[in-house]
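Asker: Let me begin by handing over the structure; questions about it come next.
Only the coordinates and a few stated rules stand behind these numbers; no lab work does. Just so we're clear, the structure is a prediction, and the values are computed from it rather than from any experiment. Virtual Cβ from ideal backbone geometry, glycine too; neighbours counted across all protein chains shown.
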Ligand SMILES: [Zn+2]
């Protein structure tokens, strides 16, 4: 599987973020196919230091509460 490899690559790019959020959170889009398999998300930080998470499957973007 490519998940481990992806995680290592992303970790090098940005060490401050849990860049790869697979299988931990659930997509807010209830029709998203991620509900039937392992969810995959990409995280990003916006200008307000908020963590934005984007679903790999349906590309829905939402905010993640974190300190
Ligand atoms: Zn989704």
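Asker: Mind sorting 53, 33 by how few other Cβ atoms lie within 10 Å of their own Cβ, fewest first?
Answerer: In increasing order of surrounding Cβ atoms, one gets 33, 53.
Asker: Related question: Sorting 36, 57 on the 10 Å Cβ count, fewest up front, what's the list?
Answerer: 36, 57
Asker: Given that compact globular proteins tend to follow 2.2 N^0.38 Å, what is the ratio of the alpha-carbon Rg of the stretch 16-61 to that value?
Answerer: Rounded to two decimals, the normalised Rg is 1.12.
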